[in-house]
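Following: one structure in structure tokens, then a few remarks.
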Amino acid sequence: MNKKQGLGMAAVLLTGSMLAGCGTSSAQSTVSSHSGAPVEASPVRGGTLNVGIDSDFVTLNPAMSSALIDRQAFINIFDPLLKLSPTMQVEPNLVTHWTVTNGGTTYTLFLRHGVKFQDGTPFNAQAVIYNWDWEMNPANASPRLSDLSLVTHLAAPNPYEIVVTLKAPYSAFLSVLTGRTGMISSPTAMKKWGSAYGLHPVGTGPFKFVQWIKNDHMILERNPLYWKKNQPYLNKIVYTPITNPVQEYNALVTGQVNVIDSVPYQDVNSLASNTSLRYAENPGLGYADMELNTQASPLNNVHNREAIDYAINRQALNQLLYFGHAVPAYTQFSPASWAYDPHIKVPYSDALARQQLAKAGNPKGFSFTLLGENDPATVQEMEAIQSELAKVGITMHIEPVDFTTLLTDAINGNYQADLLGWSGRPDPDQNSYAFDTTGGSFNDPRYSNSQVDSLLLKAREAASESVRKQYYDEAATIVLHQAPYIFLEYTPVIQAWSPSVHGFQVYPDGLMRFSKTWIK
Amino acid sequence: MVEQQMSSEVIVVTDAQGHSRALRRFWKNKLGVMGLIIVVGFVLMALFAPGIAPFSPLATHFSHAFQPPSARHWLGTDELGRDVLSRIIYGARSSLVSGILIVAIGVGIGVPVGLVSGYYGGWIDDVIMRVVDAALAFPALVLALAIAWILGPSLIHAVWAIAAVTIPQFARITRGQVLSARTREYVEAARCLGASPWRIMLHHVLRNAATPILVVATLNIGSAILAVASLSFLGLGPPPPAPNWGAMLQDGSQYLNMAPWISLFPGLAIFLAVLGFSTLGDGLRDVLDPK
Amino acid sequence: MVTFIVRRILSLLPVAFIVLVVTFSLIHLTPGNPAYTILGDQASPQAVHLLDVKMGLTRPLPQQFAAYIGQVARGNLGVSLLDGQSVLSLIITRLPVTLELAVLAVIVSLLIAIPTGIFAAYRPNTWVDNLSRLLALVGAAIPNFWLALLLVYIFAVGLHWLPSLGWVPLTQSVPGNLVHLVLPVIVLALPLAAVTSRVLRGELIEVMHLLYIQVARAKGISEWAVVMHHGVRNALVPVVTVVGLQVGALLGGVVITETIFSLPGMGQLVVNAIFDRDYPVLDGSVLFMAFVVLLANLCVDLVYAWLDPRIRYN
């Protein structure tokens, strides 16, 4: 599918037009019910779409954002350089075609002509480079810095061409351009607003920003300068954050909103029989997992960690917490990814768990503390894990903390175990390299294994998907058994909307793209 | 009445008589008696929880989760298949203990501070009262939230957080009582007879302040239980899986549509316990301080 | 009178200073760092340090405090660490929501408390009195978060009569605004009504024993007229006090109510600022809330002094 590069060739030219079914592709791997919305014939212009989201935005500046929820706004305000298909394939967008040369270390990106930012200023190579220079400047402390850490040089031979030089081959680079790093802000607006730019975002996307009242609503409006002439159809989008999932669902049922970004698992089954609502369920890119600190006793003992792996009945957790809508997880690669391999797993076995405990030198078990976010769903999950582990004699204490404390402790290694989870990215490198390699920026467990390091580096630098998958399989097997992470469930993306909403599709990344949506 | 008494002995006698009369009056106070019955009921429940509870409050049965109230599980089962009734019965322990502890801390620190402030007056009084004013000016729940956040979620931290906002209340009430008692003849008399300030405070002033303090303390146990439940509801109570009413209510709230019993019954328990203490306190006030 | 007011206002200054010190130290001692909130899972130690420097959080705490005091004294509450918005403007956009909620709650509570309090006092120790006292006790004992869930479950989810959450500005639609406030206002008003009705009853019974009431009675004025004309007017003084003193509790209730009903008011602002460790927003809004409480207490004193000429201003 995604064979973008040929290793050993001097240059591989790959243009957008060579990718099958780009743009209008409606290829679906979705497990959707009666939503499978056949593309409706005649979109209606106008109208306001009310959208329920599960938390409020943190910042609307893509260069400073790290919150998952921000991406819901970005996908409609900004237009990424490259876009993702519903099956998570990279497709041309503002970059119409590209070449990869010098053994995968030089990317030449060709930009679409005639695109304007919402403030009327032109979108061009200088704008892209201005954004990336800003993000690469350490003084700005941008979370995008790590995406661009391999970049050594940026050049614009002409206004519609960017040459990116990398330190080393990086097969996930195109995938990075589908995310926040590929979302380009108007340099004029960035300069005008300075540190307050996050309240006045200006992109090239189908909708322009109008107003954001925190914890209340955010309003977007049709962008008349959008480069796709007939899109979008909607006049206005109003996002309302509703942090309580039950209330968010109630808001859809009572008609206060037209679309919601997530559905409480216990309500999914009733949705199937509800004719007044539409929904779709997709495997997501993300997963729920525990991080185990491999540098702190007692989880510095690999056998103690592996005992946890065997002691947890993932199927039972799936039924209890996800009402059967999740998929038991054993690796970082979800069923929505090409790197997914259902054969890599461990059995649920009290006997094997006890065997590991004996090997660890504590046959009667041990005790440790799990940190997790302080919300009812997470608390329930922690209690369920606690009762699973108790069966083999492992005593797990629960410490609910707020998200900031959780992150602070996880990043500083000031914990024994935590429950964090990962929302997932389209390229497997983005889900593994920084997590598993020695000193990686997301490696909260402080895990270090030279074999894993070299496998993931090879996978990052290899060009063919099938070669990369072999490396990922090997690395994932080692990581599973050494258990710096206990992968629990691949979480699905479930979104629901009222029947008046048309032209809406659910993507594995959970981002709600409204450029083709219309309301009647 | 009391103002005319000249020596402490006489007051003691009147107090004893007054108390027995008060007791008789209390039994006629229907609401007060109702409060007493509720409070005694909860205390017995907390003391004999292991004997009363039909199941272990911690035993999970994933396959029995979300069962509605039935003959086997009178109040249904929760999101992990635990018996809601048993958890409510055990939950009485932490609620009562924390409520009483908070008021004990409030009285233990607030009353001496109020005594000192009221008796000495002057700059001491000024400083203490400014601090008390400041403490009372905070939105109490926000202050408690902030304290509980710093200390991390645990029952004892929640107790300290709420006690911190209770102390100034008792300090202020005690000070008010001291101020009004100071000018009374029997205190003047004791001072003339050469009694030491502390003796006067403890024997004469505090004795008279005891009644309003007792009433406020009883009422405060109820509000302390409510405050602990609020903190637990916000996730700042004892860490799970300890059975705690506020936490049960919050954890069950995500299933309100499908299994309302998980959060409705613990709320009812909080309500009844608070009602018990406040009607009891109210009854005591009617009897001891018939205003 | 004027000197009394000036002195009372001046006496607020040390209190405000203590509030400021306590707020500032409480908040800055809280574990966690706003840099982690901003950087999220991308936070590397270097990135956190860079951001800390940028936000001025690496300076010693006393120095930060001194800078903050200087700022506040000049009327500047600073800007949010997260998005650079001015704290004052954040408070001003949130204030109408909380203000409307609180004012409506006070009005509704008085509408409940005054009749029940009067009835109870009019026929003390009868079943009317007992019933109204019981209702008052019930109102005060119901956990507001539980009541909120209960009301949402019945009136929003079950009956579909009222929206379960959200906010429509008055300027946009008056009926829409009121419909969204029905449940939150009930949740806030009930405990307030309970306390107020209790106080009103107690005061009325006491007032009714006073000499001038006896005189009025002796003059043959109907009992009801006596209660309404002489009793209630005098009993309202302590009611004003109670309502004023309840402002603090009301703000506490606002925090929970706004969280449950997703109302964009001061309560949500504070809770989110705690979550995000947005120090300036938290410092500013807690200070502001404390200031409102102090102001309410001052108003109570003044109204009290005005209503009751026996109090001397010194």
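The values are calculated or read from the model by the stated rules, or taken from the named source; none is laboratory data. The model shown is predicted, which means the values in this text are computed figures rather than measured ones. FYI the Cβ positions are ideal-geometry reconstructions off the backbone, even for glycines, and counts take in every protein chain you see. SASA here: full protein model, heavy atoms, side chains in, ligands and nucleic acids out. Shrake-Rupley method; radii C 1.70, N 1.55, O 1.52, S 1.80 Å.
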Seminar exercise, completed: Counting as exposed only chymotrypsin sites (Phe, Trp or Tyr not before Pro) in DSSP loop states with no more than 15 other Cβ atoms inside 10 Å, the longest exposed-site-free span of chain C is C:1-160
Problem set entry | Largest-first ellipsoid semi-axes for chain A, taking √(5λ) over the Cα gyration tensor eigenvalues, angstrom | 37, 29, 21
For this session: Give the angle, between 0 and 90 degrees and rounded to the nearest 10, that separates the Cα long axis of helix C:2-29 from the longest principal axis of the Cα atoms of chain C.
Result: 50 degrees
Problem set entry | Chains C and A together, accessible area buried on both sides, 1.4 angstrom probe, square angstrom | 3100 Å²
Problem set entry | Pairs beyond 31 Å (Cα-Cα), from A:Lys167/A:Lys345; A:Lys345/A:Lys391; A:Lys191/A:Lys214; A:Lys191/A:Lys229; B:Lys30/C:Lys219; A:Lys214/A:Lys516 | A:Lys167/A:Lys345; B:Lys30/C:Lys219
Problem set entry | Net +/- balance of residues flanking A:Met183 in space, Cβ distance below 15 Å, scoring K and R +1, D and E -1 | +3
Problem set entry | Computed magnitude of the charge dipole of chain C (debye, nearest 20; Cβ of K, R +1, Cβ of D, E -1) | 880 debye
Seminar exercise, completed: With R₀ set to 35 angstrom, the calculated FRET efficiency between the beta-carbons of C:Leu162 and B:Ser70, to the nearest 0.05, is 0.65
For this session: Could you size up the charge dipole of region A:287-490 around its Cα centre, putting +1 on the beta carbon of Lys and Arg and -1 on that of Asp and Glu, and report it in debye to the nearest 20?
Result: 620 debye
Seminar exercise, completed: Taking max minus min of the Cα coordinates of the protein assembly as shown on each principal axis, largest first, gives extents in Å of 110, 66, 59
Exercise. Mind checking which helices in chain A clear 27 Å along their axis (Cα) and have mean Kyte-Doolittle hydropathy of -1.0 or more, DSSP H runs only?
Worked result: none
Exercise. Which percent of the accessible area of the protein assembly as shown is formed by carbon and sulfur heavy atoms (probe 1.4 angstrom)?
Worked result: 64 percent
Exercise. Once the dipole of region A:78-192 is set up with Lys and Arg at +1 and Asp and Glu at -1 on Cβ about the Cα centre, which of A:Ile129, A:Gly104, A:Ser186 lies farthest towards its positive end?
Worked result: A:Ser186
Exercise. About the Cα centre of region A:78-192, what is the dipole size in debye to 20, counting +1 per Lys and Arg Cβ and -1 per Asp and Glu Cβ, all else neutral?
Worked result: 120 debye
Problem set entry | Dipole of the protein assembly as shown [Lys/Arg +1, Asp/Glu -1 at C-beta], most positive-end residue of C:Ser132, A:Pro157, A:Ser432 | C:Ser132
Exercise. Per the Cauchy relation, a quarter of the hull surface: what is the mean projected area of the convex hull of the alpha carbons in region A:287-490, in nm²?
Worked result: 10.3 nm²
Seminar exercise, completed: Charge tally for neighbours of C:Thr116 with beta carbon under 11 Å away, counting Lys, Arg as +1 and Asp, Glu as -1, is +2
Seminar exercise, completed: For A:Lys228, counting only aspartates and glutamates whose alpha-carbon sits under 16 Å away and dropping same-chain residues fewer than eight positions off, the answer is A:Asp79, A:Glu91
Seminar exercise, completed: region A:78-192 accessible area per residue, 1.4 Å probe, protein heavy atoms, integer Å², reads 31 Å²
Exercise. Per residue, what accessible area does chain C have, given a 1.4 Å probe and all protein chains present, in Å²?
Worked result: 43 Å²
Problem set entry | Where chain B is the region considered: accessible area per residue in Å², 1.4 Å probe | 41 Å²
Problem set entry | Long-range HN-HN contacts of A:Ala417 with modeled amide H, under 5 Å | A:Asn293, A:Thr369, A:Leu371
Exercise. Taking square-rooted eigenvalues a ≥ b ≥ c of the alpha carbon gyration tensor, is chain C rounded, prolate or oblate, where a/c under 1.5 means rounded and, failing that, a/b exceeding b/c means prolate?
Worked result: oblate
For this session: Quote the total accessible area buried by chains C and B together, excluding ligands, DNA and RNA, probe 1.4 Å, nearest 100 Å².
Result: 3800 Å²
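As a test of the formula, what do you get for chain C when each DSSP H run with n ≥ 4 contributes -39,500 (n - 2.57) and the sum is divided by the residue count, at 222 nm and rounded to the nearest 500 deg cm²/dmol?
-24500 deg cm²/dmol
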Problem set entry | Sequence-separation-based contact order of chain A, relative, with Cα cut under 8 Å and 6+ spacing, percent | 21 percent
Exercise. What number, rounded to the nearest 500 deg cm²/dmol, is the helix-based mean residue ellipticity at 222 nm of chain A, given -39500 (n - 2.57) per DSSP H run of at least four residues and division by all its residues?
Worked result: -8000 deg cm²/dmol
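Add +1 for every Lys or Arg and -1 for every Asp or Glu among the other residues with Cβ under 13 Å from the Cβ of C:Ala194, and state the total. Spell out each step's value before the answer.
Values: positive: C:Arg133, C:Arg198, C:Arg201; negative: B:Asp282.
Net of charged neighbours comes to +2.
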Exercise. Taking only DSSP H segments of four or more residues, each worth -39500 (n - 2.57), what value at 222 nm results for chain B once the sum is divided by all its residues, to the nearest 500 deg cm²/dmol?
Worked result: -24500 deg cm²/dmol
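Mind checking region A:350-414 for trypsin sites (Lys or Arg not before Pro) that DSSP puts in a loop (not H, G, I, E or B) and that have at most 16 other Cβ atoms within 10 Å?
Passing both the DSSP loop test and the Cβ count: A:Lys364, A:Lys391.
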